[in-house]
Structures are given as C-alpha cells and as structure tokens.
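Structure first, commentary second.
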Amino acid sequence: NAGVMQNPRHLVRRRGQEARLRCSPMKGHSHVYWYRQLPEEGLKFMVYLQKENIIDESGMPKERFSAEFPKEGPSILRIQQVVRGDSAAYFCASSPSATYYEQYFGPGTRLTVT
Amino acid sequence: ILNVEQSPQSLHVQEGDSTNFTCSFPSSNFYALHWYRWETAKSPEALFVMTLNGDEKKKGRISATLNTKEGYSYLYIKGSQPEDSATYLCAFHTGANSKLTFGKGITLSVRP
C-alpha cells in the first residue's frame, strides 16, 4: 500500500504565476488535510477536505488560495498570483474515516517563489 | 487559540544517553495527542497517538506518557542512537478528523 504521494516535490514559480500542488491520499482514504510550514515555524493547518467537499478551511488565506478533492483524482491546492511570502513547504495528510485518529503525511512540496 | 509548546527546542546528546522531551497543550476539549518523528526530506512518521489520561505507549526504545488533566505529554528515548536524530513533533486535536495543531518540534542530534 503506497503512502501519501505529493507532487511535485519541488516547485519554483515567479511572482504572479500560479502554483498547483497535488496530493494522492493512501488507498482507501477519503479525508485529506493540507498543512503549511513557513520558514522557522511549525506545521500549520490550512484546509480539510473529504471527497468533493471542503469541511474546514479555517486556516486557508482568504484570497488566492483554493483547494479541491474531486471524486476522481488527487487533491489539488492551488495558489494564484504567488508572492514571495508563499514560499514554504506544503504537506498533505490523509485518513480513512471520520472516526480515525491518525493522519498519514506525504513528503511535502517545497514551493519557492522568485 | 490553541497553543502546543514543546521543549527544549533542540538537544544534542551523546550516543547511549537517554533523553526526554515535553509537550504541553490546552487541557480543555482534549481528544488526542500525537507524536511524530520527522527526518529531513521525508514524511513525518507517526510514533504514537494517545487519548486517555495516564496512557503510556512504547515502541522499542521510545516511550510516551500522557496527562490530560494538566495538559502535558513526555517522550522518552532510552539509549539514544545516531539514527534517532530527527525532529520530534507533538500535535493535539480536539475531535475525530479535526485539524492537528502542532508544536514547533524538538530537533534531536545524537553524536556517535
């Protein structure tokens, strides 16, 4: 059973471009979480999704950021018109059900905005 | 605002030393406390999840305890080895499938 997959692992974007980060949860997992680690900070929650639904987006910046988890395919975190402050490591985690404690993490995507 | 505090921030020990780390968290609305081990360029790896006051978990040389009434957890590593060098994260959550609130982590470096 493959773990949580994220791609790309490294992404470089110029200011103003769009960044798309993909997360494929573990097989059988229908709950996905996105976290961000800014330089010198801990992991911070961004958004929690189930298939086709956003459950909690309280940690997501209101503008330029969006997330989806379609019925088929990976979850996508999209950042429009990136700025230097978006440079960070973005991690996704998945879990199998609404009552399961553990979240299994992917290796992250490191976004650099130049 | 939920804050998870970890101490110390970093630790350098000699191979064979035993170490312990502290994680403190809000004791209200407690649901579960997680410890993760995170090596550079890899995924955070779950070590333990604890839910009940007084829980003790053990995996090899690593063990953890939980006190939900006073809001802290300890992680112990007995006889540290160089391969234990990593960042150890604790995270707290208030309900099943709710977001995890992480501490900043403790970076352990074990010298051979």
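Based on what the data block shows, is A:Lys51 facing chain B (nearest Cβ under 10 Å), of a type in the set (Lys, Arg) and without any contact (Cβ under 8 Å) to a residue 60 or more places away in the chain? Criteria not met by A:Lys51. If we scan the range A:66-77, do we find a residue that is in a strand (DSSP E or B) and among the aromatic types (Phe, Trp, Tyr)? No, the range A:66-77 contains no residue that is in a strand (DSSP E or B) and among the aromatic types (Phe, Trp, Tyr).
So is B:Ala46 at positive phi and surrounded by fewer than 19 Cβ atoms within 10 Å (Cβ to Cβ) or not?
In short, no.
Restricting attention to the range B:25-56, and to residues there that are farther than 25 Å from A:Val4 by Cα and of a type outside the set (S, T, N, Q), which single residue is modelled with the highest pLDDT? So the residue we want is B:Glu56.
Remark: pairs (first residue in the range A:61-76, farther than 14 Å from A:Gln50 by Cα; second residue outside any loop (DSSP other than H, G, I, E, B) and of a type in the set (A, V, I, L, M, F, W, C); Cβ separation under 8 Å; 6+ apart in sequence or on different chains) = A:Arg64/A:Ile79; A:Phe65/A:Met46; A:Phe65/A:Leu77; A:Phe65/A:Ile79; A:Ser66/A:Leu77.
Scan the range A:78-114 for residues that are within 14 Å of another protein chain (Cβ to nearest Cβ), outside any loop (DSSP other than H, G, I, E, B) and out of contact with any Lys or Arg (no Cβ under 8 Å at 6 or more places or on another chain) and the total you get is 6. So which residues in the range B:2-23 are part of a loop (DSSP other than H, G, I, E, B) and closer than 14 Å to B:Gly103 by Cβ, if there are any at all? Those that are part of a loop (DSSP other than H, G, I, E, B) and closer than 14 Å to B:Gly103 by Cβ: B:Leu2, B:Asn3, B:Val4, B:Pro8, B:Gln9. Within the range A:11-48, the residues that satisfy the criterion of being touching a residue at least 24 places away in the same chain (Cβ under 8 Å), under 15 Å from B:Phe102 (Cβ atoms) and outside any loop (DSSP other than H, G, I, E, B) are A:Tyr33, A:Trp34, A:Tyr35, A:Arg36, A:Gln37, A:Leu43, A:Met46. Any residue at all in the range B:92-99 that is assigned to a strand (DSSP E or B), buried (at least 21 other Cβ atoms within 10 Å of the Cβ) and within 14 Å of chain A (Cβ to nearest Cβ)? Yes; the residues of the range B:92-99 include at least one that is assigned to a strand (DSSP E or B), buried (at least 21 other Cβ atoms within 10 Å of the Cβ) and within 14 Å of chain A (Cβ to nearest Cβ).
Condition check: within 15 Å of the chain's Cα centre (by Cα), under 18 Å from B:Tyr36 (Cα atoms), aliphatic (A, V, I, L, M) and crowded, with 16+ Cβ neighbours inside 10 Å. Does A:Ala93 satisfy that?
So A:Ala93 fits the description; yes.
The values are calculated or read from the model by the stated rules, or taken from the named source; none is laboratory data. Because the structure is a prediction, the values reported are computed rather than measured. For neighbour counting, all protein chains shown are included, and Cβ atoms are generated from backbone atoms with ideal geometry for every residue, glycine included.
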